[in-house]
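The structure under discussion appears below in the form of structure tokens.
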Amino acid sequence: MAFAVSIPVARMLSKSHLPALTRRAALARIAGVLFLPMLIARLSAEEKGITRQTVESSVLATVGYDTAKRLLEIEFHSGAIYRYRDVPEEIHRRLLAAESKGHFFGATIRDKFRSERVKPRAAK
């Protein structure tokens, strides 16, 4: 992947102004500034998995919740796993207590909270 470097930075890195070691250090610093936010985003996306418990449902296979991060993680019978963000603990409790967990999920959680797919559905 190539990045455009501004003219003042390019001049600063030219051989006539800096010794090779300093140029490498400057390039490393620039690369760090560019790639550190991407690395942080990637690491936060790869949070440790949440411990899930099996539930009785024709739609949901397992459900887990991280109280500190307010993350609800649901595995479907299809094999797909989704993580829902900023979910109140009360919603998690009500999901586990619901007579129809699939209906509760559809009415209260799906499309109501930001979500990310952790694992796609299993191939058939």
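The values are calculated or read from the model by the stated rules, or taken from the named source; none is laboratory data. Keep in mind that what you see is a predicted model, and the values were worked out from it rather than measured. Cβ: placed from backbone, ideal geometry, glycine included. Neighbour counts: every protein chain shown. The area values use the complete protein model at the heavy-atom level, side chains included, leaving out ligands, DNA and RNA. Shrake-Rupley method; radii C 1.70, N 1.55, O 1.52, S 1.80 Å.
Every residue in the range 47-56 that is assigned to a loop (DSSP other than H, G, I, E, B) and either open to solvent by 100 Å² or more (accessible area, probe 1.4 Å) or at pLDDT 95 or above (or both), please.
Within the range 47-56, K48, T51, V55, E56 meet the criteria.
Go through the range 94-108 and give me each residue that's part of a helix (DSSP H, G or I) and either open to solvent by less than 30 Å² (accessible area, probe 1.4 Å) or not aliphatic (A, V, I, L, M) (or both).
R94, L95, K101, G102, H103, F104, F105, G106, T108
For a quick check of your reading of the model, give me the residue pairs whose first member lies in the range 74-85 and is over 12 Å from P120 (Cβ atoms), whose second is acidic (D, E), with beta-carbon atoms closer than 8 Å and at least 6 apart or on different chains.
Listed pairs, sorted by first residue: R83/E73; R83/E116; Y84/E73; R85/E116.
Only one residue in I91, I74 is open to solvent by less than 70 Å² (accessible area, probe 1.4 Å), among the aliphatic types (A, V, I, L, M) and under 18 Å from the mean Cα position of the chain (by Cα), so which one is that?
One residue alone meets the criteria, I74.
Limited to the range 113-124, what total is found for residues that are in a loop (DSSP other than H, G, I, E, B) and surrounded by 13 or more Cβ atoms within 10 Å (Cβ to Cβ)?
1
With (1) open to solvent by 60 Å² or more (accessible area, probe 1.4 Å); (2) modelled with pLDDT of 65 or more; (3) more than 25 Å from K119 (Cα to Cα); (4) in contact with a helix residue (DSSP H, G or I) (Cβ under 9 Å, 6 or more places away or on another chain) as the list, and I30 as the residue in question, which single condition is left unmet?
It fails just one condition, (1).
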